[in-house]
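Engineer: Just passing along the structure, written as structure tokens.
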Amino acid sequence: MSKKQEVLPRSVPLDTPAHELLRAPKDFTLGAVDPKSTPGYSGNKISGADDLKETGQVLDGLQERLFADSRSGATPKVLLILQAMDTAGKGGIVRHVVGLVDPQGVEHHAFKAPTEEEKAHDFLWRIEKELPGAGYIGVFDRSHYEDVLIHKVRGYADDAELERRYAAINEFEARLVAEDTKVVKVMMHISKDEQRSRLAERLERPDKHWKFNPGDIDERLLWDDYMHAYEVAINRTNTEAAPWHVIPANRKWYARLAVASLLREALEDIDPQWPVATFDVKKERKRLQKS
């Protein structure tokens with residue numbers, strides 16, 4: 001029996017569904033989230049790694065069904081949006097969580113500063129071009145939210161323009177959901193002290209120098225402004241169609257397990273099915289035996 005034919009494990013590591021446990025409430029404040037906490041999980045780093053591996057088996061099977069189902073015309077797809085301050089672990093999520101499934105079924109894009117061509121269009125123009133197709137898990141490592149967060153902190157846009165963008169984001173995401181996209185929005189929340197430790201490690205280890213950007217310290221000096229910008233953005237765009245989930249991220253192993261759980265629940269909600277054969281299986285089996 002192949003791996004994909006096995007009965008996949010059904011245990012759930014968190015004591016409450018992740019989409020309920022981690023959803024940002026109304027009038028959300030980051031101060032209400034302890035970055036060191038592990039909501040809904042009573043285990044430790046070792047058990048967390050085991051639970052992540054088991055959850056990955058489930059994700060792998062669901063992702064293959066999602067992709068296969070799309071070959072027969074099914075339209076569901078998933079869009080995972082990752083937002084966080086520098087060093088919070090977005091890359092680790094891509095590597096250790098998204099990496100648990102077949103890369104052929106993943107469409108990943110990391111949004112950088114917009115090009116001159118992109119600046120000539122509305123801020124969502126470049127986002128539209130990177131949306132996942134049917135049957136895929138799309139991953140935005142930073143996203144359209146950079147165009148409200150940075151613009152608010154740096155003063156690149158006034159309040160009226162920012163409010164227009166929040167409304168545009170809500171309309172955009174509601175349309176995606178209406179078009180059969182499961183939108184999973186994640187803000188990974190680390191403490192300022194934890195970020196200092198992670199940046200220090202990048203400076204101390206030659207094998208991590210490539211990950212260090214002096215600009216990260218410049219952004220760090222605006223920490224409080226960014227925390228406020230995140231709170232405003234989350235509250236303005238925390239909709240029923242596309243709610244926000246805020247994950248304590250000081251413990252990388254917990255953040256990975258939490259995001260994996262969110263993806264698992266999203267795919268289980270879609271409940272993709274193996275497509276029915278469009279040919280006579282018995283007939284083709286006989287032909288194969290004779291060939």
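Engineer: Within the stretch 191-262, which helices (runs of 4 or more DSSP H) (wholly inside it) include 2 or more residues that are open to solvent by 80 Å² or more (accessible area, probe 1.4 Å)?
Structural biologist: Once the helices (runs of 4 or more DSSP H) in the stretch 191-262 are filtered for at least 2 residues that are open to solvent by 80 Å² or more (accessible area, probe 1.4 Å), what remains is 192-204, 223-237.
Engineer: Suppose the filter is on the phi > 0 side of the Ramachandran plot and modelled with pLDDT of 95 or more; does residue 40 pass it?
Structural biologist: Here the answer is yes, as residue 40 does meet what is asked.
Engineer: For the structure I just gave you, tell me whether residue 78 is of a type in the set (Val, Ile, Thr), over 23 Å from residue 251 (Cα atoms) and within 12 Å of the chain's Cα centre (by Cα).
Structural biologist: yes
Engineer: Here is a further query. Any residue that is in a loop (DSSP other than H, G, I, E, B), more than 22 Å from the chain's Cα centre (by Cα) and of a type in the set (A, V, I, L, M, F, W, C) - is there at least one of those in the stretch 266-276?
Structural biologist: Within the stretch 266-276, one or more residues are in a loop (DSSP other than H, G, I, E, B), more than 22 Å from the chain's Cα centre (by Cα) and of a type in the set (A, V, I, L, M, F, W, C).
Engineer: Run residue 107 past the list (1) out of contact with any Phe, Trp or Tyr (no Cβ under 6 Å at 6 or more places or on another chain); (2) under 27 Å from residue 135 (Cβ atoms); (3) open to solvent by 50 Å² or more (accessible area, probe 1.4 Å); (4) of a type in the set (Asp, Glu) and report the number of the one that doesn't hold.
Structural biologist: Status for residue 107: all satisfied but (1).
Engineer: In the list 61, 31, which residue meets the criterion of being under 28 Å from residue 238 (Cα atoms) and either crowded, with 17+ Cβ neighbours inside 10 Å or of a type outside the set (Phe, Trp, Tyr) (or both)?
Structural biologist: Step by step, each of 61, 31 is checked, and only 31 is under 28 Å from residue 238 (Cα atoms) and either crowded, with 17+ Cβ neighbours inside 10 Å or of a type outside the set (Phe, Trp, Tyr) (or both).
Engineer: While we're here: Only residues that are closer than 13 Å to residue 48 by Cβ and more than 15 Å from the chain's Cα centre (by Cα): list them for the stretch 234-259, please.
Structural biologist: Hits for the stretch 234-259 are 251, 253.
Engineer: For the stretch 130-177, enumerate the residues that are on the phi > 0 side of the Ramachandran plot and either open to solvent by less than 40 Å² (accessible area, probe 1.4 Å) or among the acidic types (Asp, Glu) (or both).
Structural biologist: 135
Engineer: Report every pair of residues separated by at least 6 positions or lying on different chains whose Cβ atoms are under 6 Å apart, first residue within the stretch 63-75 and on the phi > 0 side of the Ramachandran plot, second assigned to a helix (DSSP H, G or I).
Structural biologist: Within 6 Å, no pair qualifies.
The values are calculated or read from the model by the stated rules, or taken from the named source; none is laboratory data. Note that the structure is a prediction, hence the values are computed from the model and not measured. A quick note on method: Cβ atoms are made from the backbone with ideal geometry, for glycine too, and the neighbour counts reach across all protein chains shown. What goes into the accessible areas is simple: the full protein's heavy atoms, side chains included, and nothing from ligands, DNA or RNA. Shrake-Rupley method; radii C 1.70, N 1.55, O 1.52, S 1.80 Å.
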